[in-house]
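The values are calculated or read from the model by the stated rules, or taken from the named source; none is laboratory data. Values in this document were obtained by computation on a predicted structure and should not be read as measured data. Glycine gets a Cβ as well: all are built from the backbone with ideal geometry, and neighbour counts include every protein chain shown.
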Amino acid sequence: MSKYPAKTHARNTLSYYRSLAAAAAAAANATGTSSSSEKPLFALTAPSLTLYPHCDQSQPFRQDRYFNYLTGAHDLPAAAVLYNSAADRLTLYLPPIDADDVMWSGLPLSPTQAQEKYDMDVVKYHADLAADVASTNVLTIDDRNKSVLESLLSSSNVTISPTFKEALEEARLRKDEFELALMRKASAISDVSHRAVMSALPIETNEGHIHAEFVYHSMRQGSKFQSYDPICCSGTDCGTLHYVRNDQEMADKQLVLIDAGAEWQCYASDVTRVFPITGEWTPEALAIYKAVLDMQTQSMEGVKPGVKWDDLHLLSHRILIKHFLELGIFKNTKSPEEILEARTSVGFLPHGLGHLLGMDTHDVAGHPNYEDPDPMFRYLRLRRPLEPGFVVTVEPGIYFNKFLLEPYLKDPKHLEIINTEVLEKYWAVGGVRLEDDVLVTETGFENFTKVTTDPEEVARIVKEGIAKGRSHFHVLA
Ligand code: GLY
Ligand code: MN
Ligand code: MN
């Protein structure tokens, strides 16, 4: 299959739409014709290129993910798509040709070229949309789409349908082989880029160099965009989950943490690696690294259909507690289950075990509950049992973040558990997170991320890079 399967995506969306509508009708005990027998028109639009405020430069174009799902047109601004479910016909509408745009940026794709490139039944221009819709009501997903469509149609026959949006999300949740190939490619690019960062210490003395090295290697491999802004931290800043500064000197610190993922045709990867700046682990850093690796290995081994993500998240906390008891960071005056119940480990692992991954780094349909009164689950972005075709990140971490831990260190309930004297030795470790991208298969899982997590191998790569010196420029792709 050479084209992004937009038509299959439209049909899948219709099928979810019908079952969601039927379920809603059944729940409301509706009589008469249920909306599950409707033959809706679905319509979406791509955002237009946007200038920066008070500036004549365009912002980088990032395709709307829902539009991409029904078209595969990840690089096409301002187009519209219509799925006529009665006719099972998917039509792409290109914006009109603008002479100024052609002067500055060249000719846009013609309908014939677009027809060859995308999985469409028909490709036309914006001006043809109104006749194809006639007086039928069109369903879309939000205000932006509604207002663009109403202006293209010169009518107000457009309805925002939460059921259509949910149907798109249910369809996006279960990746098909074409999407999985894009995700494997994104992960493979990230593997090379992480390996390059790990081996380039002689040309990396500032966090900004780590950032540059990762992006350089991603772009060399054809990935124009990162899935998210790379998180490149060192020393105690490794304890900041989504660190944004990326500008500190690294000398005299213990660890580098880099959380960065290349994007491939709108599909994300999301990978974190940690390595010692000198190539030698301190005993404390190695102990924490091994604890996180144990958490990641065991949680990942639990990935298979039917498993509750909540349970794997709890498993990673149980393993953290076991290691903290062995290291003496937790006193053994309480049992591991009592410590789990006290939620003390949440201070050291405040985020969730991982999240859905797809076009969005934090992908849709995870059903999180950010209001959960239990802090153990509040930031868990996936709260439904695993199914084949889900792609998730498995990303446990342990953090020594003074700001986050301060309330714990003032609370007698947690002070009964935390040995503050032993904890002193670990502040300089900052934080460790290991993050891989994993597909749930029929029988278990497939790990897309191949760059090593083995602590000896990591140290060897770092040391070999240091030994090669500054003249060694890495081109591994
Ligand atoms: N890179 C963001 C995250 O891991 O969720
Ligand atoms: Mn992640
Ligand atoms: Mn990440």
*Tally the residues that are closer than 21 Å to A181 by Cβ, β-branched (V, I, T) and surrounded by fewer than 23 Cβ atoms within 10 Å (Cβ to Cβ), restricting the search to the range 441-452.*
3
_Scan of the range 255-294 for residues that are of a type in the set (D, E) and within 16 Å of ligand 1 (Cβ to nearest atom), ordered by number_ = D259, E263, D270
*Which members of the range 242-262 meet the condition of being on the phi < 0 side of the Ramachandran plot and part of a loop (DSSP other than H, G, I, E, B)?*
H242, Y243, V244, R245, D247, Q248, M250, A251, K253, Q254, G261
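For (1) within 20 Å of the chain's Cα centre (by Cα); (2) within 16 Å of ligand 2 (Cβ to nearest atom), each residue gets a yes or a no:
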{"position": "R174", "(1), (2)": "yes, no"}
{"position": "L182", "(1), (2)": "yes, no"}
{"position": "M198", "(1), (2)": "no, no"}
{"position": "P230", "(1), (2)": "yes, yes"}
{"position": "G235", "(1), (2)": "no, no"}
{"position": "T240", "(1), (2)": "yes, yes"}
{"position": "Q248", "(1), (2)": "no, no"}
{"position": "D270", "(1), (2)": "yes, yes"}
*Consider A79 carefully, then state whether it is surrounded by fewer than 21 Cβ atoms within 10 Å (Cβ to Cβ) and either closer than 27 Å to D128 by Cβ or at pLDDT below 95 (or both).*
no
_Qualifying positions in the range 389-409 - within 18 Å of the chain's Cα centre (by Cα) and at negative phi_ = F390, V391, V392, T393, V394, E395, P396, G397
*Answer yes if at least one residue in the range 343-357 is under 26 Å from G328 (Cα atoms), small (G, A, S) and away from ligand 3 (no atom under 16 Å from the Cβ), and no otherwise.*
yes
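Okay, residues lined up against (1) surrounded by fewer than 17 Cβ atoms within 10 Å (Cβ to Cβ); (2) within 16 Å of ligand 2 (Cβ to nearest atom):
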| position | (1), (2) |
| --- | --- |
| H323 | no, no |
| I329 | no, no |
| S335 | yes, no |
| H351 | no, yes |
| D363 | no, yes |
| P373 | yes, no |
*Select from the range 239-263 the residues that are within 16 Å of ligand 3 (Cβ to nearest atom) and among the acidic types (D, E) and list them in ascending order.*
D259, E263
*In the range 250-268, what count of residues is obtained for those that are small (G, A, S), within 16 Å of ligand 2 (Cβ to nearest atom) and more than 13 Å from the chain's Cα centre (by Cα)?*
0
*List every residue pair whose Cβ atoms sit under 6 Å apart, with the two residues 6 or more apart in sequence or on different chains, where the first one lies in the range 200-214 and is in contact (Cβ under 8 Å) with a residue 12 or more places away in the chain and the second, anywhere, is crowded, with 24+ Cβ neighbours inside 10 Å and in a strand (DSSP E or B).*
E207/C232; E207/S234; I210/C232; I210/I258; H211/C232; F214/A260
*Take T236 and decide whether it is of a type in the set (V, I, T), away from ligand 3 (no atom under 16 Å from the Cβ) and surrounded by fewer than 18 Cβ atoms within 10 Å (Cβ to Cβ).*
no
*Within the set of pairs 6+ apart or on separate chains, which have a first residue in the range 374-394 that is over 14 Å from K304 (Cα atoms), a second that is assigned to a loop (DSSP other than H, G, I, E, B) and more than 16 Å from ligand 2 (Cβ to nearest atom), and C-beta atoms under 6 Å apart?*
P375/R343; M376/R343; R378/D372; R383/H367
*Counting only residues that are within 15 Å of ligand 3 (Cβ to nearest atom) and outside any strand (DSSP E or B), how many does the range 428-447 have?*
1
_the range 264-277, subset in a loop (DSSP other than H, G, I, E, B) and crowded, with 24+ Cβ neighbours inside 10 Å, residue farthest from ligand 3 (Cβ to nearest atom)_ = C266
*Taking the range 219-240 as the region of interest, how many residues are within 16 Å of ligand 1 (Cβ to nearest atom) and farther than 23 Å from G397 by Cβ?*
2
*Filter the range 198-228 for residues that are under 9 Å from A262 (Cβ atoms) and in contact with a Pro (Cβ under 6 Å, 6 or more places away or on another chain) and give the result.*
F214
*Is it the case that the range 284-305 has a residue that's away from ligand 3 (no atom under 16 Å from the Cβ) and farther than 29 Å from V192 by Cα?*
yes
*asked:* Tell me the residue from V292, V303, V394 that is at pLDDT 95 or above, in contact with a helix residue (DSSP H, G or I) (Cβ under 6 Å, 6 or more places away or on another chain) and within 16 Å of ligand 2 (Cβ to nearest atom), please.
replied: V394
_Just to check your reading of the model, which residue among H211, H217 is away from ligand 2 (no atom under 14 Å from the Cβ), surrounded by 24 or more Cβ atoms within 10 Å (Cβ to Cβ), in a helix (DSSP H, G or I) and at pLDDT 95 or above?_
H217
_Can you find, within the range 388-436, the residue that is surrounded by the fewest Cβ atoms within 10 Å (Cβ to Cβ) among those that are hydrophobic (A, V, I, L, M, F, W, C) and within 14 Å of ligand 1 (Cβ to nearest atom)?_
L434
_So, in the range 335-369, exactly how many residues are of a type in the set (S, T, Y), away from ligand 1 (no atom under 11 Å from the Cβ) and in contact with a Phe, Trp or Tyr (Cβ under 7 Å, 6 or more places away or on another chain)?_
1
